Amino acid sequence: MTGTADGADLAAWIRLAAERAAADAGRLTSLDAAIGDGDHGLNLDRGLAAAVAALPDGAPPGKVLTAAGRAVVSKTGGASGPLYGTALRRAGKAFGDADPIDAAALGAGLRAALDGVRELGQAAGGDKTMVDALIPAVASYDAALAAGTGLAGCARAAADGAAQGADATVPMQARKGRASYLGERSIGHMDPGAASTALILRALADTLTERD
């Protein structure tokens, strides 16, 4: 078992996330159709496919995520492009030139991603957005890291936290984005951004676990 991840590991994560987004595009779009524009799955599929095509060969983790983030912004429609692109680029910037990165560095990247999404979307916990998956993901990662858990274990904790956060959006009333226009009618539906955040972080956990 290793306690670090290099650029190839993170490129493998982006590829797996893209595969799963493509496979789950219908569900994500259905979630979005209930409270949004009905295009989240298709947009995320397109954006992550572009990210895969833009992955640099032999690059360190920071450059891998920066390149992926730029591609997501340029090819993803709706609000998800800027938000996911910002998350990836902020994480990449947090990694700097480190190669490989350890569990502490990955945690710093996740926190930077959350901060970037919060700043851009001006969303807080409880607003029924992807932030509601990212906040418990980061908290769970940090708790696992503080307990001495290794890199893959911390990533699994983050994925579990994101999944729980996505589930918790179902009874929420949306306070941000198009869903907020529905008022109480937004209650009873999972936020599609929170759902895709959980999918992407599960892909990260599975990538690092399989490698170990």
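Here, each number is a calculation from the coordinates, and none is a lab measurement. Keep in mind that this is a model prediction, so the values were computed, not measured. Glycine also receives a Cβ, built like all others from the backbone with ideal geometry; neighbour counts cover every protein chain displayed.
Results, tabulated for the structure shown:
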| read-out | value |
| --- | --- |
| Cα lying deepest toward the dipole's positive end in the chain, options P61, V138, H189, charges on Cβ | H189 |
| Distance in nm between pseudo-label sites at A98 and V170 (7 Å out along the Cβ direction from Cα) | 3.7 |
| The chain: angle of helix 103-121 to the longest principal axis, Cα-based, in degrees nearest 10 | 30 |
| For region 4-211, projected area of the alpha-carbon convex hull averaged over all directions, nm² | 9.6 |
| Helix-only [θ]222 nm of the chain, DSSP H runs n ≥ 4, -39500 (n - 2.57) each, per residue, nearest 500 | -23000 deg cm²/dmol |
| Order by protection proxy (mean Cβ within 10 Å, highest first), peptides 98-107, 189-198, 116-125 | 189-198, 98-107, 116-125 |
| Convex hull per residue volume in Å³, alpha carbons only, for region 96-212 | 90 |
| Whole-angstrom gap from region 58-97 to region 155-206, using each part's C-alpha centre | 21 |
